[in-house]
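First the structure, in the form of structure tokens, and then the observations on it.
Please treat every number below as a calculation from the coordinates, not as lab data. Keep in mind that what you see is a predicted model, and the values were worked out from it rather than measured. Ideal geometry is used to build each Cβ from the backbone, glycine not excepted, and the neighbour counts take in all protein chains shown.
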Amino acid sequence: MRRGGIGFSGIMLAIGLLFLYVPIVLLILFSFNESRLVTVWGGWSLRWYEALFSDQQMLRAAWLSIRIAAITATIAVVLGTMAGVALVRFGNFRGRFLFTGMIATPLVMPEVIIGLSMLLMFVAMDQAIGWPAGRGMLTIIIAHATFCAAYVTVVVQSRLGALDRSLEEAATDLGARPLKVFFVITLPIIAPALIAGWLLAFTLSLDDLVVASFVTGPGATTLPMLVFSSVRLGVSPQVNALGSIIVALVSIGIILATALMHRRERLRQRDEHLARAG
């Protein structure tokens with residue numbers, strides 16, 4: 001029974017991994033296809049990578065999406081960290097139930113509703129106070145940061161909930177102020193969660209199509225919007241090349257972030273061991 005259980009689990013794991021990664025492998029493979037038809041193999045070629053780097057419209061859209069995603073992720077980490085600290089450390093404060101519901105709402109709300117509500121808010125603000133004037137990169141960042149902060153809050157809250165408070169209490173007993181305790185003790189310990197939250201927010205922002213379509217203007221076309229509009233007319237091999245580059249960059253980022261988190265975790269465990277031994 002035990003061997004059968006392990007075998008069944010292994011088969012299910014293999015099927016799940018194949019389901020997830022075979023399409024990505026095929027995308028990378030066909031990005032080197034000579035043929036213009038994405039369903040017909042015509043030999044190895046870098047033709048579509050050359051065409052991609054010559055397409056200024058797609059490059060501008062990619063650079064815009066990367067900038068939006070980086071700024072959004074940074075804002076979301078700051079807001080999500082503050083929200084996570086408030087939920088974990090401030091106990092049952094007045095308005096906690098409402099605050100928790102406001103954070104959970106973007107997690108379950110359909111993107112169409114989020115995009116439409118953001119659009120109506122920006123239009124009303126523009127008419128009332130003249131800001132933001134028009135819609136573009138700024139409105140996309142605000143909209144993305146709103147729902148990405150909710151995801152970061154969940155990550156930070158779970159990490160803070162499992163944090164050993166004895167280290168913070170020891171620093172407080174030694175005379176450290178709460179703000180110094182947070183930046184010197186708490187923040188380095190939860191750094192892996194912050195990195196994970198930043199990567200999650202970056203991915204959500206970079207991948208978003210629906211919300212950005214509502215809150216953007218004519219001068220700000222993100223990469224998902226451009227790819228979606230081009231795919232409706234037929235899949236271009238340039239999209240395969242672009243997807244392969246994004247997969248490579250994301251893989252490198254995940255590897256570096258994982259290595260950094262493992263290193264920080266080893267240092268934290270070593271410091272805790274030395275502190276207990278002392």
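Of the residues Leu64, Ser236, Thr74, the one whose Cα sits farthest towards the positive end of the charge dipole of the stretch 55-277 is Thr74 (charges of +1 on Lys and Arg Cβ, -1 on Asp and Glu Cβ, taken about the Cα centre). Extension gain, Val184-Met102: 0.36 nm per intervening residue step, less the Cα-Cα distance, totals 26.5 nm. Among complete DSSP H helices in the chain, those whose alpha-carbon atoms stretch at least 20 Å along the helix's long axis and whose mean Kyte-Doolittle hydropathy reaches 1.6 are 2-30, 111-129. For the chain, set up a GNM with springs between Cα atoms under 10 Å and report which of Ala193, Ala128, Ala14 has the largest fluctuation. Between Ala193, Ala128, Ala14, it is Ala14 that shows the largest mean-square fluctuation. Shown for Ser230, Ser244, Ser205: other C-beta atoms within 10 Å of each C-beta, ranked fewest to most, produce the order Ser230, Ser244, Ser205. Charge dipole of the stretch 55-277 (Cα centre as origin; +1 on each Lys and Arg Cβ, -1 on each Asp and Glu Cβ, all else neutral): 380 debye, rounded to the nearest 20. Computed from point charges on the beta carbon alone (+1 for Lys and Arg, -1 for Asp and Glu), the dipole magnitude for the stretch 1-119 about its Cα centre is near 540 Debye.
Using the Cα coordinates of the chain, the gyration tensor eigenvalues translate into equivalent-ellipsoid semi-axes of 39, 29, 18 Å, sorted from longest to shortest.
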